[in-house]
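Just so you know, all these numbers are worked out from the coordinates, no wet-lab data involved. Here the structure is a predicted model, which means the values were calculated and not measured. Here the Cβ positions follow ideal geometry from the backbone for every residue, glycine too, while neighbour counts run over all protein chains shown.
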Amino acid sequence: MKNTILCFAGLLSLAACSTAKDDSRSTRTSTAPVAHNTVVECILYDGMTKDSPQLTTIGSGNEVQVMDTVDAYFLKVRVTANGKTQNGYMYRTCFGK
């Protein structure tokens with residue numbers, strides 16, 4: 001009888017673990033780039049510091065594709081400026097809330 005109860009408890013805990021794993025998968029966000037418009041003029045950087053080389057300047061109201069929210073200050077973006085597409089980093093403050 002004890003073995004049956006232990007086996008049943010083990011099966012319940014295994015089912016609970018797999019349910020939690022399924023829940024975490026369903027809350028995952030899309031990984032496709034999302035288009036946003038800048039609210040101020042901003043610089044597209046090659047890296048995530050303001051000492052990084054500047055790739056181009058993006059005017060206010062231009063559309064950029066946000067590819068990743070890298071850290072608290074920068075977003076990884078894709079921009080088409082002057083006929084060519086560039087990937088780089090922009091400050092979060094370039095976009096409205």
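I want to check the label-to-label distance for Thr80 and Val34. Put each point 7 Å from Cα in the C-beta direction and report it in nm to one decimal.
2.1
Please compute the contact order of region 34-94 in relative form: average sequence separation of alpha-carbon pairs under 8 Å and at least six residues apart, divided by the residue count, as a percent.
34
Got a sec? How would Val34, Val79 order by Cβ neighbour count within 10 Å, fewest to most? Walk me through the intermediate numbers first.
Details: Val34 12, Val79 21.
By the 10 Å Cβ count, ascending, the order reads Val34, Val79.
Test of understanding: ordering Leu55, Leu44 by Cβ neighbours within 10 Å, fewest first, what list do you get?
Fewest-to-most Cβ neighbours within 10 Å comes out as Leu55, Leu44.
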